[in-house]
Amino acid sequence: MGPRLCQVCNEAQSKYKCPSCRAPYCSVPCFKKHKETPCVLPEEKPESASVLPVPSEEKPTAAPESVVERPITVTEASAVLERQQLEAIASSSEICDALKDESLQRLIESIDCSPDAENELDKAMDVEMFRIFTDKILSTINP
C-alpha cells in the first residue's frame, strides 16, 4: 500500500490520522477543517483489542496522530498503568494545566513522532519543564 493522500485537501501525503475516525490528513489546518464536521471511529470487530475511553469533558485538545508505528512490547506487567492511574492522570488539574504549554506539546509530539522515541525521551529528560511534567505524572500514579 503506497502513501495515502490527505482526505481533506486531496493534494499532500497524509502524515496523520484523525483520532476519531482515522481519516488521513496532512496538517493542522486540514485537521481543523476536517473537525468542522463531526466524525466517529468506525466500529471495530469484537475480537480486536479494547481501548480505554476518555470521558469527553476530559479529552485534551485534538493533536495529530503520529504515523510512526512501533510494536508495544511489555516485559513487566507493572509497566502497564491501571485504569485508576489513567483516570488520576486525566483528572489532575496540574497535569492538564501543564499540557496547555505549547512548548511541552511540541516536545511530546517530537517524541511521539520520532522513529527512535526512546532516544528522544532520554533527550527530553534533560529539559527541566519535561522532567517536572514527568515527575507530576509519577507522583499522580504513585502517591
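The values are calculated or read from the model by the stated rules, or taken from the named source; none is laboratory data. Everything numeric in this text was worked out from a predicted model, so none of it was measured. Every residue, glycine as well, gets a Cβ built from its backbone with ideal geometry; the counts of neighbours run over all protein chains shown.
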Quick count over region 93-119, residues being over 11 Å from F133 (Cβ atoms) and in a loop (DSSP other than H, G, I, E, B), is 4
Which pairs have Cβ atoms under 7 Å, sit 6 or more apart or on different chains, and link a residue in region 86-109 that is free of Cβ contacts under 8 Å to residues at least 40 places away in the same chain and buried (at least 16 other Cβ atoms within 10 Å of the Cβ) to one that is assigned to a loop (DSSP other than H, G, I, E, B) and among the aliphatic types (A, V, I, L, M)? A90/V54; L107/V127
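Yes/no matrix, rows are residues, columns are (1) basic (K, R); (2) in the same structural domain as D112 (by TED's automatic domain parsing); (3) at pLDDT 70 or above:
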| residue | (1), (2), (3) |
| --- | --- |
| C6 | no, no, yes |
| C9 | no, no, yes |
| A12 | no, no, yes |
| K17 | yes, no, yes |
| Y25 | no, no, yes |
| P53 | no, no, no |
| A79 | no, yes, yes |
| A90 | no, yes, yes |
Any residue that is modelled with pLDDT of 70 or more and surrounded by 12 or more Cβ atoms within 10 Å (Cβ to Cβ) - is there at least one of those in region 61-72? no
